[in-house]
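*Asks:* Have a look at the structure that comes next, please.
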Amino acid sequence: MAANFWTSSHYKQLMDQEDVDVVQPLDRDKGITLEDFKFIKMQMASYISKLAQHVKVRQRVVATAVTYMRRFFVRKSMTEYDPHLVAPTCLYLASKAEESTVQARLLVFYIKKIYSDEKYRYEVKDILEMEMKILEALNYYLVVFHPYRSLVQFLQDAGMNDINMTHLSWGLVNDTYKMDLILVHPPHLIALACIYIASVYRDKDTTAWFEELRVDMNVVKNISMEILDFYENQRMVTEERINAAFSKLALKP
Amino acid sequence: MAIAAPGQLNLNEAPTWGSRSVDCFEKLEQIGEGTYGQVYMAREIKTGEIVALKKIRMDNEREGFPITAIREIKILKKLHHENVIKLKEIVTSPGPEKDEQGRPDGNKYKGGIYMVFEYMDHDLTGLADRPGMRFSVAQIKCYMRQLLTGLHYCHVNQVLHRDIKGSNLLIDNEGNLKLADFGLARSFSNDHNANLTNRVITLWYRPPELLLGTTKYGPAVDMWSVGCIFAELLHGKPIFPGKDEPEQLNKIFELCGAPDEVIWPGVTKMPWYNNFKPTRPMKRRVREVFRHFDRHALELLEKMLTLDPAQRISAKDALDAEYFWTDPLPCDPKSLPKYESSHEFQTKKKRQQQRQHEENAKRQKLQHPQQHARLPPIQQSGQAHAQVRPGPNPPVHASQPPIAAGPNHHYAKPRGPAGGPGRYPPSGTTGGYNHPSRGAQGGGGGGGGGYGTGPYPPQGRGPPYGSNAMPGAGPRGAGGSGYGVGAPNYPRGGPYGSSGGSGANRGSNMMSGNRNQQYGWQQ
C-alpha cells in the first residue's frame, strides 16, 4: 500500500547531507558560503513562521512550507529566485496542499506589513508566477510527512505525554525546521531525537523504552547531536552576521 | 531550469527533476472538451505510447494553481493501484504561450500545464450506452469487483473519491477498470471530524446523508454511488434520475423507504432533515422493484443502498459478498470482448447525430420510432460471455470493414451545442473522452460511418428516462469524462448549472466551500 511514509515520494526523496549542503554556482560566485546559505534558509524559515502567524495557519502548514522552500533551494539558486519571494510563495502553496487555503492577497497584505523595505515587497502576480516555478521544481510532489504525528504517538507510548514533555519536545521539533533535517532524515527519527533530547534535559530515563523500539539508536543520537550543535552555534550568530549573508546575495554581479 | 528555455525544445531527454515539455507528445486529437480544459489523445514521440493529456487551465488570475488540481495531483501521486488511473507525469508547455489575440504571453505557465494519464479506451457509461450492448452477469461481476477493489484501496489510503459514476470508471480493451477523475477527491481522517462540503458527487449518485446536509462523512458516500451503479448495470438504466435535490431525495425514499430514527439513528438531527422530511410514510421497496435480480445481487445491493451510512456495507465487506463467489464467477478481465472505443461523450454525440438524422428522416416521414434503452443483462448463468455480443454494434474484431482513418466527416458538426431535448442534452462543456476518428480501430462502424445507413437500429430521440430528460438536465448530460476535464473548477455545463450557461461559473473561487455554486441546480 502506498500512502505510508516508506512508499511515499518523501521517503524516496530523502537526500544525503552533502547533497543538501551545496551552494549553487551562481550563489557561490557572489561569495556566498555554505554558512551564509544556511543562515538565509533559516531566516526564511522564520519569515514563513512569522507570516503564518499573521494569516493564522497551523504549524503543519508552516512545516510543509519550510520543507518546500528547503527542497527548492537544493535545486535553484538564490540569485535567480529571491528567497523573499520563494518563502511566502511556499507558504501559499503549502496552505493549499494542507487544505488551509490562504488568499494570495492576504499574504501580500502581511508581507507589506512585515517589510517596510520596498525590495521585499511582492504582489499577487509575483506569488502566482513563482508558485508555478516552485511546483515544477518540486516535481509536483507535495505530500510531506512531519515528525509531529509520530511525536505524539511516541510520547503516549512512552507514557511521557504530560504537558511538560509534550511542550518541550514539540518546541524542539519546531526548531528542527531551522535546519535541513527534514530533507535528510525520516520524520519519525527526528521525532525520536527530539524526545531523546527532551528526556535527557528533563532527567527522564528512557533507555528501556528506546531499546524496545528497535530503531538504530546511533542515528537517533546523531540527529540529536546535530540539533544540539545547532543550538550551540546559534548562540554565536549575530544579526550582523545574518545581514552580511543577505548583503552578499544582494550584490550585483 | 531543467526545462527548455523559451523557444527551445528539449524533446529528447527527461530532466532528472522538473517537468518535461508537452512537446514530448504529439497531440493526435482532442477527445474531450470543456470550458475548463481539454483532454487530448496523444502519442509520446520517443516511445510511441498513446496517452491522454488533460490540460489544467490556469485562468483563475486570483488564486493561481487550482486547489482542485493540487488535490488531484497529491492524491494521484500517492495512489498506485491497478484499478486507479495512473498519473504518469505532469508536463508544461514550453516557451511563451500565445493568448487569444496571438500575443505572446509573459507567463509561460498560463494555460500550459498538462496531466499525462495512461490511455483508456472506454468509460463504463459510454460502453453501457452503446446500442445493443448487453453485459453478461460475469462481466458485471468483473467490473463491480474491480470497482470495489480500486475503491477499497482508496479508502484504505484515506482517500474519498466523491464522484463515483459511470463516466469516471474507465475501461481499457484488456477489460481493466480504473477509477479516474480525482478532481473532487480528498483525504479524510478516520474520525470523520473534519467538516467537508456536502456539495459533492453527481446528483444521481449522491447519498442521502449528503442530500440531508451532513458535513461529516466518510467512505460510505462512495459506496452509495457504487450501489447506484450496480443497480444501473443490472437494471439497464439509472435508478435515481432526480432533477434537483428534493426530487433526488424523494426518489431515494420512494425506493429505499423514508428514514426514521429506528432505521437510521440520528437522521432527524441532520441539518436539512426538516426541509426534506418525507411527507408521507414510504416503505422500502428495493426487493420488490428489483425482484428480477438474482438473489445474491439483490442481497448485496440492499447493503449498498442502506440509508444509514453507518450501516452501509464497506468496499472490503462488499468484496466478500456471496455475489462475487457464486456462479457465474466474475470473469477474467482479459476474457472480455474488445470494443471499439467509446466514452460517454462519444455515445452522447452519436445519439445527437442520430437525432439529427431522424429529424431529417422525420421530414421525409421515414422515422422509426424506437426508443433506446440499455438492455439489462441476461440473468441466467452459464454461458458467460456468449451473449455479450448480440447487439448490432459489434466489437472491434467483428467482420465489418474498417472505415478509413482520417477526418471523419460524420463529426462535421462536432462540439457545438445542438438543440433539442434528449437524455444527453448538449452542453457547453462536453467533457467526454471522445474519439470521433480513431482510425486505427475504426472497424465496427461505431467510428461514425455507420449511422443512418449502417446496421444500427435507429435510436429513439425520446428521452429514455421519461419526463426527466429535460433540456440541460440530467447528470449524465454533460458527461465528465473520466479524465475529468471539468476537474479544476468543476462546473461542467449541463448538470451542474444551467446548460449552455458555460462560463457562468468561470473563475469562481475554487475553494471547496464554494463548490456548491457549481452544482446550482436550483439557482
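The values are calculated or read from the model by the stated rules, or taken from the named source; none is laboratory data. On a predicted model such as this, the values are computed, not experimentally measured, just so you know. Reconstructed Cβ throughout: ideal geometry from the backbone, glycine too, with neighbour counts over all protein chains shown. Note: areas computed on protein heavy atoms with side chains; ligands, DNA, RNA excluded. Shrake-Rupley method; radii C 1.70, N 1.55, O 1.52, S 1.80 Å.
*Asks:* Would you kindly find the accessible area of A:Met225, with a 1.4 Å probe and non-protein molecules such as ligands, DNA and RNA excluded, rounding to the nearest 10 Å²?
*Replies:* So the heavy atoms of A:Met225 present about 100 Å² to solvent.
*Asks:* Name the most mobile residue of A:Ala97, A:Ala208, A:Ala137, meaning the one with the largest mean-square fluctuation, in a Gaussian network model of chain A with Cα contacts below 10 Å.
*Replies:* In the Gaussian network model the winner is A:Ala208.
*Asks:* Count the net charge of all other residues whose Cβ sits under 12 Å from the Cβ of A:Ala45, scoring Lys and Arg as +1 and Asp and Glu as -1.
*Replies:* +3
*Asks:* Further, regarding this structure: If each of B:Glu82 and B:Thr268 carries a label point 7 Å out from its Cα toward its Cβ, how far apart are those two points in nm?
*Replies:* Result for the modelled spin labels: 5.0 nm.
*Asks:* Then there's this: Counting only protein heavy atoms, what percent of the accessible surface of segment A:1-159 is carbon or sulfur at a 1.4 Å probe?
*Replies:* Heavy-atom surface of segment A:1-159 belonging to carbon and sulfur, 1.4 Å probe: 49 percent.
*Asks:* What is the sum of charges around A:Arg241, taking Lys and Arg as +1, Asp and Glu as -1, for the other residues whose C-beta is under 14 Å from the C-beta of A:Arg241?
*Replies:* Once all neighbours under 14 Å are counted, the net charge is -1.
*Asks:* Ranked by accessible surface with a 1.4 Å probe, highest first, in what order do A:His188, B:His292, A:His84 come? Show your work: numbers first, answer last.
*Replies:* Working: A:His188 45, B:His292 95, A:His84 5 Å².
So the residues, ranked largest to smallest area, are B:His292, A:His188, A:His84.
*Asks:* Right, something else. With every protein chain left in place, what is the accessible area of A:Asp205 in Å² (1.4 Å probe, nearest 10)?
*Replies:* 130 Å²
*Asks:* Taking the Cα centre of segment A:1-83 as origin, sum charge times position over the Cβ atoms of Lys and Arg (+1) and Asp and Glu (-1), and report the length of that vector in debye to the nearest 20.
*Replies:* Details: 13 positive and 10 negative charges, 119 e Å.
In total the dipole reaches around 580 debye.
*Asks:* Mind putting a number on the dipole of segment B:134-275 about its Cα centre? Charges go on the C-beta only, +1 for Lys and Arg and -1 for Asp and Glu, and I need it in Debye to the nearest 20.
*Replies:* 220 debye
*Asks:* Taking +1 at the Cβ of each Lys and Arg and -1 at the Cβ of each Asp and Glu, which of B:Asn157, B:Gly175, B:Ala194 sits farthest along the dipole of segment B:157-197 towards its positive end, judged by Cα position relative to the Cα centre?
*Replies:* B:Ala194
*Asks:* Please check segment A:85-102 for residues whose accessible area, probe 1.4 Å, is lower by 30 Å² or more when all protein chains are in place than in their chain alone.
*Replies:* Going by heavy-atom accessible area, the residues of segment A:85-102 that drop by at least 30 Å² are A:Lys96, A:Ala97, A:Glu99, A:Thr101.
*Asks:* Still on this structure, please answer the following. Mind listing, in residue-number order, the residues in segment B:152-193 that have at least 10 Å² less accessible area with every protein chain present than in their own chain alone (1.4 Å probe)?
*Replies:* So the qualifying set is B:Tyr153, B:Val156, B:Asn157, B:Arg186.
*Asks:* Let me ask something else. Which one, A:Lys76, A:Lys41, A:Lys12, has the greatest fluctuation when you compute a Gaussian network model over chain A with C-alpha springs under 10 angstrom?
*Replies:* Evaluated over chain A, the most mobile residue of the options is A:Lys12.
*Asks:* Sticking with this one: For the modelled label position 7 Å from the Cα of A:Asp203 along Cα-to-Cβ, which residues of segment A:151-169 have backbone nitrogen atoms closer than 16 Å?
*Replies:* It comes to A:165, nothing else.
*Asks:* Taking the Cα centre of segment A:147-244 as origin, sum charge times position over the Cβ atoms of Lys and Arg (+1) and Asp and Glu (-1), and report the length of that vector in debye to the nearest 20.
*Replies:* 140 debye
*Asks:* Next question, about the same structure. List the accessible area buried at the contact between A and B, summed over both sides and calculated with a 1.4 Å probe, in Å² to the nearest 100.
*Replies:* Details: alone 13140 and 20840 Å², together 31250 Å².
About 2700 Å² of accessible surface is lost on pairing.
*Asks:* Along segment B:138-150, what does the Karplus equation 6.51 cos²θ - 1.76 cosθ + 1.60 (θ = phi - 60°) give for ³J(HN,Hα), rounded to whole Hz, x for Gly and Pro?
*Replies:* 4, 5, 4, 4, 5, 5, 4, 5, 5, 4, 5, 5, x
*Asks:* So who's got an amide H within less than 5 Å of the one on B:Ala321, skipping anything under 5 residues away but keeping other chains? H placed 1.01 Å off N, in plane.
*Replies:* For B:Ala321, no residues qualify.
*Asks:* What order do A:Asp29, B:Asp191 take when sorted by accessible area (1.4 Å probe), most exposed first?
*Replies:* A:Asp29, B:Asp191
*Asks:* For segment A:70-108 and segment B:211-265, compute the distance between their C-alpha centroids and round to whole Å.
*Replies:* If you average the Cα positions of each part, the centres end up 42 Å apart.
*Asks:* How large is the accessible surface of B:Met144 in square angstrom, using a 1.4 angstrom probe and rounding to the nearest 10?
*Replies:* 0 Å²
*Asks:* In terms of solvent-accessible area of protein heavy atoms at a 1.4 angstrom probe, what is the ranking of B:Ile239, B:Ile50, highest value first? Could the numbers behind the result be given before it?
*Replies:* On the way: B:Ile239 30, B:Ile50 50 Å².
Final ranking, largest accessible area leading: B:Ile50, B:Ile239.
*Asks:* Can you work out the Karplus-derived ³J(HN,Hα) for every residue in segment B:175-184? Use 6.51 cos²θ - 1.76 cosθ + 1.60 with θ = phi - 60°, whole Hz, and x for glycine or proline.
*Replies:* In residue order, the calculated couplings are x, 7, 10, 9, 6, 9, 6, 9, x, 10 Hz.
*Asks:* According to a simple spin-label model (label point 7 Å from Cα along Cα-to-Cβ), what is the distance in nm between B:Lys334 and A:Ile242?
*Replies:* Going by the 7 Å Cα→Cβ label model, 6.3 nm.
*Asks:* Next question, about the same structure. Considering protein heavy atoms only and a 1.4 Å probe radius, which residues within segment A:138-172 exhibit an accessible-area decrease of no less than 10 Å² in the full assembly relative to the chain by itself?
*Replies:* Correct list: A:Asn139, A:Tyr140, A:Tyr141, A:Leu142, A:Val143.
*Asks:* A follow-up question, please. Projecting each Cα onto the charge dipole of segment A:71-217 (Lys/Arg +1, Asp/Glu -1 at the beta carbon, about the Cα centre), which of A:Ile127, A:Phe145, A:Leu181 comes out farthest on the positive side?
*Replies:* A:Ile127
*Asks:* With θ set to phi - 60° and the Karplus curve 6.51 cos²θ - 1.76 cosθ + 1.60, what are the ³J(HN,Hα) couplings of segment A:176-192 in order, to the nearest whole Hz, using x for Gly and Pro?
*Replies:* 5, 6, 7, 10, 9, 3, 5, 7, 10, 10, x, x, 5, 6, 5, 4, 5
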